[in-house]
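Structure first, commentary second.
The values are calculated or read from the model by the stated rules, or taken from the named source; none is laboratory data. On a predicted model such as this, the values are computed, not experimentally measured, just so you know. Here the Cβ is made from the backbone with ideal geometry for all residues, glycine too, and neighbour counts use every protein chain on show.
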Amino acid sequence: MDPDDHVCLCFHVSLRKIANFIARENPQVPSQISECLGAGTGCQWCVPFLKKLHSLHLEGKPMDLPVSPEEYASRRARYRSEKRAGDPNDRGEPDGAPRGEDG
Ligand code: FES
């Protein structure tokens with residue numbers, strides 16, 4: 001994913017904006033990233049990815065998500081259609097994206 005690609009597709013929040021927010025604000029928990037233009041507060045598809053970015057920050061690693069924007073958007077579309085059908089659990093996250101953690 002490139003810096004100008006959107007991580008939160010609901011609110012059009014780019015990877016660059018989120019990375020800058022995290023570097024500037026040093027959020028203690030991933031949920032604080034929602035203060036960056038509402039990221040993660042819509043369909044919630046991107047929440048595991050926001051958590052992954054937060055953990056990369058804590059580990060001092062570069063902010064990146066190993067998925068193309070096309071694949072990411074496609075997985076979100078599937079997530080949203082499955083959510084409407086009653087299966088909100090399958091986001092098809094890339095390896096390493098955390099699941100089911102609060103924060
Ligand atoms: S993609 Fe981020 S809340 Fe929907």
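Tabulated data
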| item | result |
| --- | --- |
| Matching option when the condition is more than 28 Å from Gly86 (Cβ to Cβ), part of a loop (DSSP other than H, G, I, E, B) and within 16 Å of the ligand (Cβ to nearest atom), among Leu65, Leu37, Leu53 | Leu37 |
| Any hit, the range 28-45, residues being among the aromatic types (Phe, Trp, Tyr) and surrounded by fewer than 19 Cβ atoms within 10 Å (Cβ to Cβ) | no |
| Counted residues, the range 22-34 - those being within 12 Å of the ligand (Cβ to nearest atom) and acidic (Asp, Glu) | 0 |
| Within the range 40-50, tally of residues that are more than 6 Å from the ligand (Cβ to nearest atom) and of a type in the set (Phe, Trp, Tyr) | 1 |
| Verdict on Arg16 being within 14 Å of Met1 (Cβ to Cβ) and within 13 Å of the ligand (Cβ to nearest atom) | no |
| Test: residue in the range 3-15 that is in a helix (DSSP H, G or I) and of a type in the set (Asp, Glu) | no |
| Count of the range 74-90 residues which are out of contact with any helix residue (DSSP H, G or I) (no Cβ under 7 Å at 6 or more places or on another chain), modelled with pLDDT under 90 and more than 12 Å from Cys43 (Cβ to Cβ) | 4 |
